[in-house]
Structure formats: structure tokens, C-alpha cells
Amino acid sequence: MNLLESIKIGSIIGKYLGGKESKEELVLLRIWLCRASKNQEMFNKLKEEKNIGEAIEAYETYNKELAWERYRQRITALTFRNVLFRWKVAAVFFFLVGCAGILSYINNEWLTPSTSDNAFTTISTNNGQNSKIILPDSSVVWISSGTTLSYNTNFSVKNRLIKLSGQAFFQVARNEEIPLTVTCNELKVKVLGTKFDVSAYPEDRNVSVILESGSIELLKVHDQSFKLKLNPGEVAEFDVERKELFVSKEGSYKFTSWKDGILIFKDDEMSEVFKKLERWYNIDIDVKNDKVNQLIFNATIVNENVEEIFDLIKFSCGINYEIIQSDDPEIPVKVILTK
Amino acid sequence: MINLLRNTEINLSNGEKLDLKEFFYTYYPKLTSFASSYIVEPSVCEDIVQDVFISFWEKQRNFPNIYAVKAFFYTATRNSCLDHLKHFKVEEKYRAMTKNNIETTESFFDEVIRNEAYSEIYSEINKLPTMGKRVLLLALRENSNEEIAKILNIAINTVKTHKARAYKVLRKNLSDLFLFFSLSRRKVTEIALAKIWLNTKK
């Protein structure tokens, strides 16, 4: 016997006493009566008119109309309280939104001159992901994988300031009155309008600047007197530790081809190649044999997948590799190189 | 659940609707009477049942069907009554005064059956005209027609008419041993009946 059964059998007995039971209910009642002699006793008691009268009289002693009125008032009050609470929440919300609006208005109107140069908009890419953005002055920037680029909020109003960590190719809209500067570490690149590439990954020793067309000026952040003009096709490499700048005339497409989805390796050491592949494909490369790092690698990679690349490396460097996929998308694919 | 009480219907997850007012009118007397099997003071019983109804309204949870709602009310009322007794540390004293000397799950179920059964009749009786209801109640308490006529200050024939109409809410010849005749054949049908019981339990 459980509570639900008791409720069901109770209402069946009630229907029986009122002569309103269905055939099925009568069957259930008979079964219940057969189950225990105690049930039969109870049933006999329940159908005595005297007991029915007594129970009904007991029910009659309670003023249900009055009780309902009391209950109705109480739940109305509760509902009202809940509605009031919701309104309060809404009121507080709108008050805060209003405050925020006023504050930001004050901020814009009065505080802009002092904060504008410090406020930056930041864009970053993960490894294995390239991106192209258009700056407010309609300059175009291709952002390579694993790069963070920020520009000041009122870009192109008074000045054009860009901070870079990683690699990006710039196609700068010409504006001689407001020069564009790209700052990375100690090196500043000042431009009027041109196409150039800056690679300044924090883990790399060198910051390299490659000019494709136009002209740019290189400046050092902590050395006001320093100034170097770069000509098209030239590559400037800045040693971050020694703070020295080298300029060489190298085929620049090797450095800027990434923006077209092409990766070119020409007489590059494997250690450099691995670094680039790690960023390009968002993978982890674990080199078990150090000797591999010193090998020189030449290749042009267009749309090849990771396996195809490592098949090529396996073939040219005489090594074996193993690719370990991970279930967690946050953890990059791991490639282990063995001899 | 209730939109500022303009709508007193409560939706059950099986699609049935429960009219809160109608439910209150049958369940309030029944539960208060049920509570009085634990606690003697009627005012305490009424307060307890009021609070159970409030907590039902506040919970706003979805009940699968009407039986679940009823079960909630019986369980909540019983728990509130037992809490009340415990709280005032007068358990022993009250228990001695209540009808059931010791509260057990068994006696709880018996009370549930009793109240469910009588509330079915009660809701039918409530549909009667006032005089018919009064006549029936007096008749049930074993008053003769003459006595009823005297109490209500009406003619005996009027009592008879009311009685004839009012008694329609009850099964004819309740005191007959109707069910015993079917019990004699119980062994034959027991297995088949048990099957039906099991099916309907689901």
C-alpha cells in the first residue's frame, strides 16, 4: 500500500458510496477488499451512514468561503510581491543602464583627449588561423597566425598607432599628414603609404620588416637619433637582444607570400621551419633528435595538409614521424619526430 | 501559474486542468479534518492547511496528474502536523487526545482513504439545496423524520420529500451486504482480477 494507491482506492470507495463507480472501479474495489480482512473491516465502517454523517458534519464546521477569501488575499499579495520584485529588478537595471550611458557620455565629452591615445582595439588570431582586417582609414592588414594587433581607438583622427606582436602584412592607405606607425618591441616602423610585412613573434629572436613597395622609415623606441630608410625589396632584421639592425636584399615574396596562403622555405634551418609550421597549422612539434634542427629545408607549401608536409620532411630529411590527434579541440595536434 | 488570480486554473503535465478554487473548496475541509486527526485545536489545523496551500502555490512546480497533487497535499499536511507536534513538545499529551493513539504510516493511509472516500460524497452533497443538505445530514446522524421536522421546523412530508431527493447522492441500500456475494466467487476470478489491478497501477 502506498499513498497514491490509498488516494485512488479512497476515491473509488467514495464513488461506490455515491453509486457512481464504473465497472472497472468496482473490480478494483473488490480486489482491494480481498487483499486483507482489515480492508473489509474498514470498508464496512466507511459505509455506515452514521460515520458518513459524522465526517460530513466535520467538514461542514470549517468555513471554506472565508478560508478561500483569506487564501486568495494571501496569494494575491504574494503575486503582487513577486511582480513588484520583478519591476524593482527592471527599475534597477534601467537605472544602471542610464548611469552607464551618462558615464560614457561624460567620458566621451570630457575625458577623450587624455585617454584616446591609450585606448586600443585589439585583434588576435590563434595558431593555424590567418585573418584580414580593414582599419578605419581603409588600410588593409593581413594578420598571420598567433598574432595580436591593436590600434588606437580614434585611429586616423590625429595619428595612426599600431602595436604588433606576431606577423602582419600591411597595405597602408596613403595619408601624408597622419603617418602610420607600427610598434613592436624596440622597433618602430613609420609609413606614409605602402605595402610591407612585419614579423615580430615574441619567441623569435629577430623582428623582420620586408618592404614590398613604397617607402618606410625604421625607428628605435629608445633611440631618438636612429633613423633608417628601407627601399622596396629590402629586408630589415632587428636583433631584439642586441638591438642591432641588419638590412639585406632578399627576395621578399618568401616573407610576404603567407598572406596569399603560400608558405615558402628557402635555405631555412629546420628549427625555423618547425616554428613556422607550428604557427601555420596550429600543431605541436616534438623533435626527439636535435640533429634534425640544423638541416636546411627548401619547399613551397600551398594548401598541403600536415601529413603531406611531414611526408615531404620524412623523405628529404630521412626521419620518421607520428601524429597524435587529441579529442580536446583546445589541445593542438602533436607531431613527434624520431630518427 | 496564476496570473494575478484572474485565472485560477493550474495546468498539470498530463494536459488536465485543475481549478484552484474548486479544488480548495473540496480539499480545504477535507485536509483540515484530516489534520484534526493529529491536532485537536481546529484553528491550528486551519492554519496548517492554509500554509500548505500557500506552499503549493509558491512551489509552482509541475505536477504530472491530479493524484500527484493530492499526494503532495496529504504528505505536506501530515508533515506539518507532525512538525507542529514536535515543535511544541507536547506530542505525548496530544497523542493521548487524538483519535489514533499512535500515528503510523498505516493509520496515515487509512485516514487518506477515509477522507478521499467521504470527500467524494461531500462534493455531491454540496450540490444539494440547503434544506435538502440539512435534512440529509440530520438523517445520516440517525434522526427520525419527526425529529428532523422538529429541528428544522418544517412539515414531516416536506422532510420526506427532501430526504427522498437527497438520498440520491448515496448508493441505494448501502447497508446491504452487496459485496459479500461476489466474495464467494473470489478464488475463481482472483488471478484475472490481479492482472487488471497490476495493469491499472501503471
> Does segment A:80-201 come out rounded, prolate or oblate by the C-alpha gyration tensor, with a ≥ b ≥ c the root eigenvalues, rounded set by a/c under 1.5 and, if not, prolate when a/b is larger than b/c and oblate if not?
Replying inline: prolate
> Which Cα, out of A:I283, A:S104, A:I134, lies furthest along the positive dipole direction of chain A (beta carbon charges, K/R +1, D/E -1)?
Replying inline: A:S104
>> Under the 0.36 nm per residue contour assumption, what length would be gained going from the current alpha-carbon distance of A:L78 and A:K23 to full extension?
In response: 15.3 nm
>> Quick check: at a probe of 1.4 Å, how many percent of the accessible area of the protein assembly as shown sits on carbon and sulfur atoms?
In response: 52 percent
>> Just to confirm, what accessible area per residue do you get for segment A:244-339 at 1.4 Å probe, in whole Å²?
In response: 60 Å²
>> Need the C-alpha centroid separation for segment A:171-214 versus segment A:228-280, integer Å.
In response: 13 Å
> Any idea what log10 I(q)/I(0) is at q = 0.16, 0.19, 0.23, 0.25 Å⁻¹ for segment B:128-172, Debye with uniform C-alpha scatterers and no solvent?
Replying inline: -0.33, -0.46, -0.68, -0.81
> Using a ≥ b ≥ c from the Cα gyration tensor of segment A:122-269 (square roots of the eigenvalues), is it rounded, prolate or oblate, where a/c under 1.5 gives rounded and otherwise the larger of a/b and b/c decides, a/b for prolate?
Replying inline: rounded
> Non-local amide H neighbours of A:V333 (under 5 Å, H modeled in plane, Pro and chain starts lacking H): which ones?
Replying inline: A:D284
> With helices defined as uninterrupted DSSP H runs, which ones in chain A have an alpha carbon span along their own long axis of at least 24 Å and mean Kyte-Doolittle hydropathy of at least -1.0?
Replying inline: A:64-106
>> Sort B:71-82, B:147-158 by the packing proxy (mean of other Cβ within 10 Å over each peptide's residues), most packed first.
In response: B:71-82, B:147-158
>> What does the C-alpha gyration tensor say about the overall shape of chain A? Classify as rounded when a/c is under 1.5, otherwise prolate if a/b is larger than b/c, or oblate.
In response: oblate
> Residue farthest toward the positive end of the dipole of the protein assembly as shown, with Cβ of Lys/Arg at +1 and Asp/Glu at -1: which of A:T79, A:F310, B:I66?
Replying inline: B:I66
>> So with the 1.4 Å probe, I'd like the accessible area per residue for segment B:128-172, rounded to whole Å².
In response: 61 Å²
>> As an exercise, find the ratio Rg/Rh for segment A:3-60 from alpha-carbon atoms, using the Kirkwood inverse-distance average for Rh.
In response: 0.98
>> Just to be sure I understand: if I project the alpha-carbon convex hull of segment A:243-316 onto a plane and average over all orientations, what area do I get in nm²?
In response: 6.1 nm²
> Taking H as built 1.01 Å from N, whose amide H comes closer than 5 Å to the amide H of A:E234, not counting residues under 5 places away?
Replying inline: A:L211
> Okay, helix-only estimate at 222 nm for chain A: each DSSP H run of n ≥ 4 adds -39500 (n - 2.57), divide by all residues, round to 500 deg cm²/dmol; what do you get?
Replying inline: -12000 deg cm²/dmol
> Using the alpha-carbon centroid of each, what span in Å lies between segment B:11-55 and segment A:118-145?
Replying inline: 67 Å
>> Am I reading the A/B interface right? What is its buried accessible area, both sides, 1.4 Å probe, to the nearest 100 Å²?
In response: 6600 Å²
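The values are calculated or read from the model by the stated rules, or taken from the named source; none is laboratory data. Nothing here was measured: the structure is a model prediction, and the numbers come from that model. Note that each Cβ is placed from the backbone with ideal geometry, even for glycine, and that neighbours are counted across all protein chains shown. The protein model used for the area step is the full one, side chains on, heavy atoms only, and it has no ligands, DNA or RNA in it. Shrake-Rupley method; radii C 1.70, N 1.55, O 1.52, S 1.80 Å.
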